[in-house]
1. With a 1.4 Å probe and every protein chain left in place, work out the accessible area per residue of segment 26-108 in Å², rounded to a whole number.
2. If you roll a 1.4 Å probe over segment 36-99 with all protein chains in place, what percent of the accessible area is carbon or sulfur?
3. For the pair R44/A26, report the inter-label distance in nm, with labels modelled 7 Å from Cα in the Cβ direction.
4. If packing is taken as the average number of other Cβ atoms within 10 Å across a peptide's residues, how do 61-68, 44-51 rank, most packed first?
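The values are calculated or read from the model by the stated rules, or taken from the named source; none is laboratory data. Predicted model only: the values in this text are computed from it and were never measured. Cβ atoms come from the backbone with ideal geometry, glycine included; neighbour counts cover every protein chain shown. These area figures cover heavy atoms from the full protein model, side chains too; ligands, DNA and RNA do not enter into them. Shrake-Rupley method; radii C 1.70, N 1.55, O 1.52, S 1.80 Å.
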Amino acid sequence: MRRRRAPNATPGPAVPHGPLGGLLQAGLLSAGTELTFHQRRANRRGRAVITAEDRLIVDGHASPFPSPSKAAEAITGNVINGWTLWHLPDGRTPDGLRREHQRDDPHN
């Protein structure tokens, strides 16, 4: 049996539950945060923006990506650890935030 939504009911805010979801829920990341990387030797740069739905929108790509690594792979063309490649405006990486969050909340 399917539940019907009441008429005029508005859906609640999106609850992020993907790879970056815990960081978004903890307030360590927020929608609109810009991530960048620069690989000097390969002369490549990347820019992505985090969405409220826990996705990354990468410059030059129409569809959002589900993880930092998939977003980085779209730019580099190689399987790569996007958790350590991308940087926040303050220089930290998503991996560093994830480690910080795990340290502060051992139940995660």
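1. With all protein chains present, segment 26-108 gives 60 Å² per residue.
2. Looking at segment 36-99 in its full context, I get 48 percent from C and S.
3. With each label placed 7 Å out from Cα toward Cβ, I get 2.8 nm.
4. 44-51, 61-68
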